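Every read-out reported here was derived from the displayed coordinates using simple, explicitly stated rules and does not represent laboratory data. In this text the structure is predicted, and so the values were computed from the model without any measurement. Glycine gets a Cβ as well: all are built from the backbone with ideal geometry, and neighbour counts include every protein chain shown.
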Amino acid sequence: MSTYEIAVIVGSLRKDSFNRKLADAIVKFAPPEFSFKQLQIGDLPLYNQDDDANQAESVKRLKNEIKTAQGLLFVTPEYNRSIPGVLKNAIDQASRPYGQNAWAGKPAGVLGASIGVIGTAMAQQHLRNVLAFLDVPTLGQPEAFIHAKDGLFDEAGNIGAGSKQFLQNWMDQYVAWVKKHAA
C-alpha cells in the first residue's frame, strides 16, 4: 500500500481561524495511508524578485516541504472577495524563480470556511485560476464553500453532525484525485 504525505496550506494566520479548525478536522476523514502536515507560511518574507538568487531559509524550507509531498490541500478564508495576501505570498515564493515552481504537478484540493453564506467561493475561484497557471491539477468537484456557523464544529473541534456526510464525501473524492494524479 502506498502512503501519501499531503502538504496543507492554511490561508489564515489567526490563532482561532475557522480554516485552521477546518484543516485540523477534515483530515480525520482521510484513510490511514494519508498523512497531513500544515506548512508554515507566516514567517515568509514578502516576495521580491531581487531575492530569487538568494532565497530566505523559510522559503527554501517551504519549497522542500512542497516538493516532498504527494499532494496539496489548500484551506483558505476569503478576504475582500479573493485569497489572503499571506497565501498569495506563499504561492509566489514557492513558484519562483521562474522555472523552479515547487507546486507543479502536485494534485490539490481547495476548500474554505467563512461566516458569509457563500463561504469562500470567490477566494476559491481566484485560487483555482492561480493554481491552473502553476500546473497544479485541482479537484473540480465537489466544491466546498463552507458556511461557518453554529454546529460546523462540535465541542471537541470535530466536524459537526450536519456537515459530516458532505465533508466525508469531499475527502473521499480528494483521496481518489490524489491517488489518480500523484506521481
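Figures for the structure shown
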| quantity | calculated |
| --- | --- |
| For Leu73, distant residues with modelled amide H under 5 Å away | Ala7, Val8, Ile9, Gly109 |
| Over 21 Å between alpha carbons, listed pairs Lys21/Lys67; Lys37/Lys179; Lys28/Lys60; Lys37/Lys149; Lys21/Lys106; Lys67/Lys88 | Lys21/Lys67; Lys28/Lys60; Lys37/Lys149; Lys21/Lys106 |
| Antiparallel content of DSSP bridges confined to segment 51-163, in %, to 5 | 20 percent |
| Ranked list, fewest to most other Cβ atoms within 10 Å of each Cβ, for Ser58, Ser2, Ser35, Ser114 | Ser2, Ser35, Ser58, Ser114 |
| Residues listed by number, segment 88-129, amide nitrogen under 16 Å from Lys149 label point at 7 Å toward C-beta | 113-121 |
| Sites Arg61 and Leu13, calculated FRET efficiency, Cβ-Cβ separation with R0 22 Å, nearest 0.05 | 0.85 |
| Length added when fully stretched, Val117-Ala176, from 0.36 nm per residue minus Cα-Cα | 18.4 nm |
| Residues Arg128, Arg14 arranged by fewest to most Cβ contacts within 10 Å | Arg14, Arg128 |
| Label-to-label distance, nm, for residues given as Gln168 and Thr68 (7 Å Cα→Cβ offset) | 3.3 nm |
| Average Cα contact separation per residue, the chain, under 8 Å, 6 or more apart, as relative contact order % | 25 percent |
